[in-house]
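Read the structure below first, then the notes.
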Amino acid sequence: MNIHFIAVGGSAMHNLALALYQKGYKITGSDDAIFEPSKSRLEAKGLMPKDFGWFEEKITTNLDAIILGMHAKADNPELLKAQELGLTIYSYPEFLYEQSKDKTRVVIGGSHGKTTITSMILHVFKYLNIPVDFMVGAQLEGFETMVHLTSENEFMVLEGDEYLSSPIDRRPKFHLYKPNIALISGIAWDHINVFPTYQNYVEQFLIFANSLTNGGIMVYNEEDAEVKNVVEQATSSIKKYPYSTPNYAIENGTTFIETSLGEMPLEFFGAHNLQNMAGAKWICQHMGVDEDEFYEAISSFKGASKRLEKIAENETTVIFKDFAHSPSKVEATTNAVKNQYSDRTVLACLELHTYSSLNADFLKEYKGTLNKADKAVVFYSPEALEIKRMEKISVDQIQNAFEREDLIVYTNPTEFKEFLFSQKFENTALLLMSSGNYGGLDFNKFKELV
């Protein structure tokens with residue numbers, strides 16, 4: 001097949017391009033900018049566009065399909081030409097469904113935890129040497145790409161994102177997969193630029209629950225009241241399997257759980273991650289993995305990329321970076337670090353970087369999320385607000401929203417970096433939470449500090 005990608009440089013899009021190239025498809029693509037690591041990875045396979053920009057002449061009747069990325073606009077010249085020629089145009093999730101419609105589709109959804117749960121499942125199957133097709137939202141250790149597609153594998157494991165499918169398809173991605181087996185990990189309002197009310201956001205998960213195939217299996221976090229309510233409301237004919245946080249203990253900075261194999265130490269920590277593990281266990285069992293095999297495999301799981309990723313450590317200091325940015329993720333991550341390192345000073349730094357987190361009306365959702373930290377810092381860039389054409393927010397608004405009188409707020413990246421590198425890190429757990437980089441922070445420099 002000849003397939004052309006409009007906006008090939010995105011994290012998800014370039015991984016799909018690489019997966020299809022590996023499958024033997026002929027791939028072309030366009031984008032107006034491509035950054036690392038997408039650039040090097042596309043270049044290595046000869047898939048990097050010769051020039052940046054959009055070129056109508058690339059769109060011909062010789063193409064079997066167009067895959068349209070979210071980065072493109074509805075008036076993209078290549079898209080308009082494809083529509084004019086009547087070519088088959090897929091969104092990213094539509095195409096993944098086409099590739100997996102004859103497989104058993106396993107879809108992991110939720111406002112938080114879905115990348116980690118998907119990563120845990122894939123880790124278990126890799127450890128047990130059982131091949132599966134997959135799409136996951138982070139680069140995993142030991143996996144070449146975030147997408148893997150074959151003709152022969154029985155299962156397709158998909159991370160089910162609730163964000164929009166494409167510029168011309170405003171449905172959430174996870175509505176298009178029609179799972180045979182699904183999971184919902186948690187529901188906490190996010191993407192307010194697309195889902196303006198909490199109820200509108202929750203409704204997307206009910207649609208997802210009702211999208212399972214007849215007789216499908218729904219695994220769900222019963223400790224999340226909203227998830228439980230959604231699953232109970234689902235009218236589709238599905239089997240329901242609840243899970244909850246398993247019993248655990250922390251000894252000398254290591255988390256232990258009780259298993260069928262006895263007490264077992266884990267490489268990861270945090271109540272939310274143990275909860276994620278419980279969900280992953282149910283999914284793996286429904287995919288044919290027995291309990292003993294699961295525990296043996298999960299004992300070596302270190303965590304998903306950018307999720308409580310340890311970037312430096314010595315005898316008295318540990319430094320983590322984490323993708324957390326939504327209120328529920330910030331609170332869970334901060335609490336996990338404090339619980340794990342209760343005898344250390346926890347310095348939690350959060351960058352408000354996304355559209356939702358920089359919205360003045362949404363800020364109140366962050367109330368109390370940093371309370372477990374001994375010292376808390378929030379960084380945001382007024383320039384980011386200008387670029388996103390959003391209403392200005394003040395330092396006072398930030399402090400009032402978090403309801404923490406000693407909260408330190410920075411808006412200048414240089415001043416934030418000076419503060420950070422002037423700290424004494426002995427007996428400290430430093431937590432850096434952001435989907436950005438604090439205006440140019442070099443995370444590698446922390447390795448020189450410890």
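The values are calculated or read from the model by the stated rules, or taken from the named source; none is laboratory data. Bear in mind that the values here come from a model prediction, so they are computed numbers and not experimental data. Here the Cβ positions follow ideal geometry from the backbone for every residue, glycine too, while neighbour counts run over all protein chains shown.
Residues of the range 165-198 being under 28 Å from L80 (Cα atoms), in contact with a strand residue (DSSP E or B) (Cβ under 6 Å, 6 or more places away or on another chain) and buried (at least 19 other Cβ atoms within 10 Å of the Cβ), which ones? Once the filter is applied, which keeps residues that are under 28 Å from L80 (Cα atoms), in contact with a strand residue (DSSP E or B) (Cβ under 6 Å, 6 or more places away or on another chain) and buried (at least 19 other Cβ atoms within 10 Å of the Cβ), the range 165-198 yields S165, S166, D169, K173, F174, Y177. Pairing residues of the range 227-238 that are without any contact (Cβ under 8 Å) to a residue 24 or more places away in the chain with residues that are among the hydroxyl-bearing types (S, T, Y), at Cβ distances under 8 Å and at least 6 apart in sequence or on separate chains, gives K228/Y220.
For S166, state whether it is more than 20 Å from the chain's Cα centre (by Cα) and not β-branched (V, I, T). Here the answer is no, as S166 does not meet what is asked.
Taking the range 1-41 as the search range and keeping residues that are among the β-branched types (V, I, T) and under 22 Å from L87 (Cα atoms), which one is surrounded by the fewest Cβ atoms within 10 Å (Cβ to Cβ)?
Restricting attention to the range 1-41, the residues satisfying the condition of being among the β-branched types (V, I, T) are 3, 6, 8, 27-28, 34.
Keeping just the survivors that are under 22 Å from L87 (Cα atoms) gives 3, 6, 8, 27-28.
Working: I3: 21, I6: 26, V8: 24, I27: 23, T28: 15.
Filtering first and then ranking leaves T28.
In the set (1) outside any helix (DSSP H, G or I); (2) within 13 Å of A7 (Cβ to Cβ), D102 fails one condition alone, (2).
The residue that is nearest to E267 (Cα to Cα), counting only those in the range 319-360 that are touching a helix residue (DSSP H, G or I) at 6+ places or on another chain (Cβ under 9 Å) and at pLDDT below 85, is A324.
Against the list (1) buried (at least 18 other Cβ atoms within 10 Å of the Cβ); (2) not in a loop (DSSP other than H, G, I, E, B), the condition M48 fails is (2). How many residues, within the range 383-408, are of a type outside the set (D, E, K, R) and either outside the structural domain of G368 (by TED's automatic domain parsing) or in a loop (DSSP other than H, G, I, E, B) (or both)? Count: 4.
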